[in-house]
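Peer 1: Following this message is one structure expressed as structure tokens.
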Amino acid sequence: MAFEAKDSFPVMRPAVRETYGPADLSREPVFAGGIINFGYWQGIDLTAPLGEAERIRSQQDLYRRVLDAAGPLERLRLLEVGCGLGMGCALALGEYRPAGVTGMDIHPAQLERAREAHADLLDEAPERLGFVWGAAERMPFADGEFDAVVSVEAAQHFPDLAAFAAETARVLRPGGRVAVASFFTTDGAPARDGELALLLDTYAKGLDIARPVSALTDALTASGLAGARAESIGHRVWAGWDAWLSRLWAADTWPRNFLRAYERRILDYYVVTAHRPWAAGSAASAGGR
């Protein structure tokens, strides 16, 4: 079923509205270059002084890690769910040679910033890059419109992972892939919610939602996608993130507790992948992608 009326469009949660609207998280020095993610720090020397160049590389490398998991993407149509300022969309367009990239975000202010940041690209190739308003739980696209769906550090905000999974399965063509990077609890014990709220303000204030990674893999499977799996990449994320935070935050302040939560095995960072099966008997199903 394609997108229809907006009568039941999901309401943006207040913490998300404030953080990505008036507060504009992308302006914070910790998110150098306007890319809002913790970074993938493989190949970066964490014992050496870290500067903005290393920070931006880590943020871009997290996108590359996800795009590689969704690929190959050449000549395919790509959707990013929760695109923010569209930096990942621009990276994908420049490095992965897709037919087109669509960035979708629930926050109108983020879309306005994305269109401003990439005005030249939008003018040069409007058929290859676009930014669209929509929610993870209700995507304004036709069935089978995309070859790949990615989401980088946004799923921790999605209130309904089952609806996100169902919409992802709907907008993917047969053979299409999804790759999601985000942080989740390491198990489903209810006590984890309280522990995270005590450690991290983002959970205490309702910006991030505590859920086990199996909540996403199970939702993808229930939606009809195949091969759902979660790979921990926390060893490539948390130490680098904490090293970068140490330039700006003291050891006893709450942002440094992300590493503590990981070390206590409460929280981890994952890349979650799945694919939409080919229809039985189709010619393409024999060879895969």
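Peer 1: For residue 267, list long-range residues whose amide hydrogen, built 1.01 Å from N in the peptide plane, is under 5 Å from its own amide hydrogen.
Peer 2: HN-HN under 5 Å from residue 267: 186, 262.
Peer 1: Taking the chain, how much of its Cα-Cα pair set, in percent, is spaced more than 33 angstrom apart?
Peer 2: The proportion of pairs with Cα distances above 33 Å equals 18 percent.
Peer 1: Please list the three semi-axes, largest first and in whole Å, of the ellipsoid equivalent to region 216-258, using sqrt of 5 times the eigenvalues of its alpha carbon gyration tensor. Display every interim value, and only then the final one.
Peer 2: Details: eigenvalues 236, 24, 7 Å².
Calculated on Cα positions only, the semi-axes equal 34, 11, 6 Å.
Peer 1: Of all accessible surface on region 55-127 at a 1.4 Å probe, what whole percent is carbon and sulfur?
Peer 2: With neighbouring chains kept in place, the figure for region 55-127 is 48 percent.
Peer 1: Shifting gears a bit: What is the distance, in nm, between label points placed 7 Å from the Cα along the Cα-to-Cβ direction at residue 116 and at residue 265?
Peer 2: 4.7 nm
Peer 1: Here's something else I'd like to know. Using R₀ = 25 Å, calculate the FRET efficiency as 1/(1 + (r/R₀)^6) where r is the Cβ-Cβ separation of residue 173 and residue 68; round to 0.05.
Peer 2: 0.80
Peer 1: Of all accessible surface on region 144-289 at a 1.4 Å probe, what whole percent is carbon and sulfur?
Peer 2: 53 percent
Peer 1: For residue 280 and residue 28, FRET efficiency with R0 = 45 Å and r from the beta-carbon atoms, rounded to 0.05?
Peer 2: With R0 = 45 Å, the Cβ-Cβ based efficiency is 0.35.
Peer 1: Next up: Would you please give the residues with an amide H less than 5 Å from that of residue 129, counting only those at least 5 places away or on a separate chain, with H modeled from the backbone geometry?
Peer 2: The list, which skips near neighbours in sequence, is 101.
Peer 1: Considering Cα pairs under 8 angstrom that are at least six residues apart, work out the relative contact order of the chain and quote it in whole percent.
Peer 2: 19 percent
Peer 1: Considering only the other residues whose Cβ falls under 12 Å of the Cβ of residue 185, what net charge follows from Lys and Arg at +1 and Asp and Glu at -1?
Peer 2: With Lys, Arg at +1 and Asp, Glu at -1, the neighbours total -1.
Peer 1: For the chain, with every protein chain kept in place, what is the accessible area per residue (1.4 Å probe, Å²)?
Peer 2: Details: 12530 Å² over 289 residues.
Accessible area per residue: 43 Å².
Peer 1: Under a point spin-label approximation (7 Å from Cα along Cα-to-Cβ), what is the residue 52-residue 187 distance to one decimal in nm?
Peer 2: A separation of 4.4 nm, rounded to one decimal place.
Peer 1: Taking only the alpha-carbon positions of region 134-289 and ignoring solvent, what does the Debye formula give for the base-10 log of I(q)/I(0) at q = 0.10, 0.16 Å⁻¹?
Peer 2: -0.41, -0.89
Peer 1: While we're here: As a check on your grasp of the helix formula, calculate [θ] at 222 nm for the chain: sum -39500 (n - 2.57) over DSSP H runs of n ≥ 4, divide by the residue count, round to the nearest 500.
Peer 2: Computed ellipticity for the chain at 222 nm equals -9500 deg cm²/dmol.
The values are calculated or read from the model by the stated rules, or taken from the named source; none is laboratory data. Note that the structure is predicted; figures quoted are calculated from it, not measured. Every residue, glycine among them, receives a Cβ derived from its backbone with ideal geometry; neighbour counts consider all protein chains shown. Just the protein is used for accessible areas: all its heavy atoms, side chains included, with ligands, DNA and RNA removed. Shrake-Rupley method; radii C 1.70, N 1.55, O 1.52, S 1.80 Å.
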